[in-house]
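First the structure, in the form of structure tokens, and then the observations on it.
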Amino acid sequence: MNDVGKTSAMDAVILCGGLGTRLRPISGDMPKVLMPFAGRTFIDILIEFLLPFGFRRFVLCVGHMREKVRTHFSARDYEVVFSEETEPLGTGGAVKNARKHITTSPFLLLNGDSLCQTDLHGFYDFHVRKAGVMSIVLSRPLSESAYGVVEVDREDRIVAFREKAEARKGSFINAGLYLAERRIFDLMPEAARFSLETDLIPAILPQGCYGFVTDAGLIDIGTPDRYFQAHQKLSNFHRLKRFW
């Protein structure tokens, strides 16, 4: 199997339904995923990062201002499926709500407001080798800001996951990229609304969650300051044909 073949049949699930309250001072009535970067939207940049790895089916978990996201994807040469939330479900609830649309095991899951340009083929190989229920891409913090801070053992198994803790030098942070087996749905809370980061991941660590460490930096547009930093980094993105 060539490298593209490893991920070409896999669903990519993108969390796009957040309220984006922290970004609201500059986003106004625009969903975070449609924020502009040199003539491109952030969701376009995310998908264009995934396309060279062979991904062609995208499940978008949409909620807040979902009609604007739907309109944006009115004509594409790849498949886009919308998993709609009529009320906020949290990151975990959004994935649970999308279960009927997710057809592959494993599936790729990623946040719609961050980008980590890691090697997804290497990530896939790592996930298969570790044979856990979930693998998470881990990056290094760019500052001592609040991120999901992760501790791993010598076997790359995640032993601690603290959401929105203070990231310090030498620690790993959650880069918002996951590979998950479909059996993860059987481990989810019964509630419709819950958090992937605070309710699900800490609870399933005994089932086998592994951290894939990357040197790639994390671009995050969740706050005005981070958006402007990301804008500088991505201003020339449209000139790039592919990452790998």
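Some points to look at:
- For the criterion of being assigned to a helix (DSSP H, G or I), modelled with pLDDT of 70 or more and either touching a Gly at 6+ places or on another chain (Cβ under 7 Å) or not acidic (Asp, Glu) (or both), residue 227 passes.
- Segment 163-181 - residue that is not small (Gly, Ala, Ser) and not in a strand (DSSP E or B) and, of those, modelled with the highest pLDDT: 181
- Pairs linking a residue in segment 89-104 that is in contact (Cβ under 8 Å) with a residue 60 or more places away in the chain and small (Gly, Ala, Ser) to a residue that is assigned to a helix (DSSP H, G or I) and crowded, with 20+ Cβ neighbours inside 10 Å, with Cβ atoms under 7 Å and 6 or more positions apart or on different chains, are 92/196; 92/200.
- Scan of segment 86-115 for residues that are over 24 Å from residue 36 (Cα atoms) and acidic (Asp, Glu), ordered by number: 87
- The set of residues in segment 185-224 being crowded, with 16+ Cβ neighbours inside 10 Å and among the charged types (D, E, K, R) consists of 193, 197, 199, 220.
- Those residues of segment 85-100 which are more than 15 Å from residue 59 (Cβ to Cβ) and of a type outside the set (Gly, Ala, Ser), in sequence order: 86, 87, 88
To keep it simple, each residue is scored yes or no on (1) assigned to a helix (DSSP H, G or I); (2) not charged (D, E, K, R).
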{"site": "87", "(1), (2)": "no, no"}
{"site": "92", "(1), (2)": "yes, yes"}
{"site": "96", "(1), (2)": "yes, no"}
{"site": "103", "(1), (2)": "no, yes"}
{"site": "110", "(1), (2)": "no, yes"}
{"site": "118", "(1), (2)": "no, yes"}
{"site": "121", "(1), (2)": "yes, yes"}
{"site": "125", "(1), (2)": "yes, no"}
{"site": "129", "(1), (2)": "yes, no"}
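- Which listed residue is at pLDDT 95 or above and within 22 Å of residue 189 (Cα to Cα), from 99, 57: 99
- Taken together, the residues in segment 124-138 that are of a type outside the set (A, V, I, L, M) and either within 14 Å of residue 182 (Cβ to Cβ) or surrounded by 22 or more Cβ atoms within 10 Å (Cβ to Cβ) (or both) amount to 3.
- Of the residues screened, residue 97 is not one that is in contact with a Leu (Cβ under 8 Å, 6 or more places away or on another chain) and surrounded by 22 or more Cβ atoms within 10 Å (Cβ to Cβ).
- Residue count for segment 102-123, restricted to those that are surrounded by fewer than 24 Cβ atoms within 10 Å (Cβ to Cβ) and among the aliphatic types (A, V, I, L, M): 2
- Complete set of residues in segment 191-213 that are assigned to a loop (DSSP other than H, G, I, E, B) and out of contact with any Leu (no Cβ under 7 Å at 6 or more places or on another chain): 191, 195, 208
- Any pair with Cβ under 9 angstrom, 6 or more apart, that starts in segment 54-69 at a residue that is under 18 Å from residue 92 (Cα atoms) and in a loop (DSSP other than H, G, I, E, B) and ends at one that is modelled with pLDDT of 90 or more and of a type in the set (A, V, I, L, M): 63/89; 63/94
The values are calculated or read from the model by the stated rules, or taken from the named source; none is laboratory data. Here the structure is a predicted model, which is why all the values come from computation and not from measurement. We place every Cβ from the backbone using ideal geometry, glycine too, and count neighbours over all the protein chains shown.
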